[in-house]
Every structure is written in structure tokens, then in C-alpha cells.
Amino acid sequence: MEELSDKDFVIPPIKYEYLDHTADVQLHAWGDTLEEAFEQCAIAMFGYMTELEKVEIKEVHSVEAEGHDIQSLLFHFLDELLFLFCAEPFLIARTVTITEFDRKCFKIKARAAGEEFRIGKHSQGAEVKAITYSSMQILDQPEAERPEVFVIVDI
């Protein structure tokens, strides 16, 4: 874990939204690249758990994920980030930056920057219990306007 401050990172613009889904929530994120869409989906997950505007960047954690296809890569990427929130020091990430994205071997290396979640400072949104494959979509065709991802999380 590396000690940081807000000055070390640029907060990206919001490129995600929350879509209603029976008993769960669907994250819809997009970006100029598929990497950015994955990053935005991760930020959306943390944003559903608390108000990100109150999260300071005090530390950064590295995460790695791999899958057997692009959907399992997204699943494992989000699952690794959710684990950071569920295990001490209960990291709530304000930014997530993918540093390596291997589309052939389905591997990601990323940095999640934020701080420890603390009741009183951070509001409690819905608890994300798990990432699901249900209705997962990754749209990244050349004819598409922009890369998009749709992920349902269990709350």
C-alpha cells in the first residue's frame, strides 16, 4: 500500500449510471476505450456503496485479475475490487486506473486509489454483496458509438 494524496490523481468524469433491476442493481458504464468502460464500472460499484465526493485519496492498492474470456475478466476484476472493500482496511476507491489490459490472455493490472471506509465520514449506500454474470454485456464492436458494459450486482 502506497500513501498518497488527492493531488496525485485526476478524478475522471462520470461515465456511468445505475439501472433498476429486480432486487439488484445494474451498473451501466462506458468510455472512450474498453479499459475506461471497465474503470468506470468499478467506480460505479464503489459509488453505489457511498458518496465518492467524500472519499479522499490517501492510499493506493494494486489489484490483478484474470479470466478465460472478456466477461470472466470483468467479473474477476470487479470481484477483486469488491474484496478490497470487504477486507481490512475496507478500501473505498475514488479512482480505479487500469495499468495493463491484455485482451488476448485476459489479464488486468490496476490501481485503486482512495481511503479506508469509515462510518461517520462516509455515508452507507447499499452493500454490494457479489458480482454476477446475470445479463452481463460487454459491447465493444467497431461499429458501436462507444464501448459499454452492463453488470448486475447483488445488493
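The values are calculated or read from the model by the stated rules, or taken from the named source; none is laboratory data. In this text the structure is predicted, and so the values were computed from the model without any measurement. Cβ sites come from the backbone with ideal geometry, for glycine too, and all protein chains shown count toward neighbours. Just the protein is used for accessible areas: all its heavy atoms, side chains included, with ligands, DNA and RNA removed. Shrake-Rupley method; radii C 1.70, N 1.55, O 1.52, S 1.80 Å.
Residues in the stretch 103-151 that are β-branched (Val, Ile, Thr), within 14 Å of the chain's Cα centre (by Cα) and modelled with pLDDT of 95 or more: Ile108, Ile131, Thr132, Val149, Val151. Val25 fulfils the conditions (1) more than 11 Å from the chain's Cα centre (by Cα); (2) over 18 Å from Val149 (Cα atoms); (3) not basic (Lys, Arg); (4) not in a helix (DSSP H, G or I) except for a single criterion, (2). The condition of being without any contact (Cβ under 8 Å) to a residue 60 or more places away in the chain, over 22 Å from Gly125 (Cα atoms) and surrounded by 21 or more Cβ atoms within 10 Å (Cβ to Cβ) holds for only one of Leu81, Leu91, Leu34, Leu73, that being Leu73. Taking the listed residues Asp102, Asp154, the one that is touching a strand residue (DSSP E or B) at 6+ places or on another chain (Cβ under 6 Å) and open to solvent by less than 70 Å² (accessible area, probe 1.4 Å) is Asp154, with no other qualifying. Of the residues in the stretch 67-80, none is part of a strand (DSSP E or B) and more than 18 Å from Ile14 (Cα to Cα). Total residues in the stretch 114-144 satisfying the condition of being farther than 30 Å from Glu59 by Cα, in contact (Cβ under 8 Å) with a residue 60 or more places away in the chain and among the charged types (D, E, K, R): the figure is 1. Pairs, please: C-beta under 9 Å, at least 6 apart or cross-chain, first residue open to solvent by 70 Å² or more (accessible area, probe 1.4 Å) and in the stretch 47-66, second of a type in the set (Val, Ile, Thr)? Matching pairs, first to second residue: Ser62/Thr99; Glu64/Ile108; Glu66/Ile108.
Determine whether the stretch 95-107 contains at least one residue that is under 26 Å from His68 (Cβ atoms) and of a type in the set (Ser, Thr, Tyr). Yes, the stretch 95-107 contains at least one residue that is under 26 Å from His68 (Cβ atoms) and of a type in the set (Ser, Thr, Tyr).
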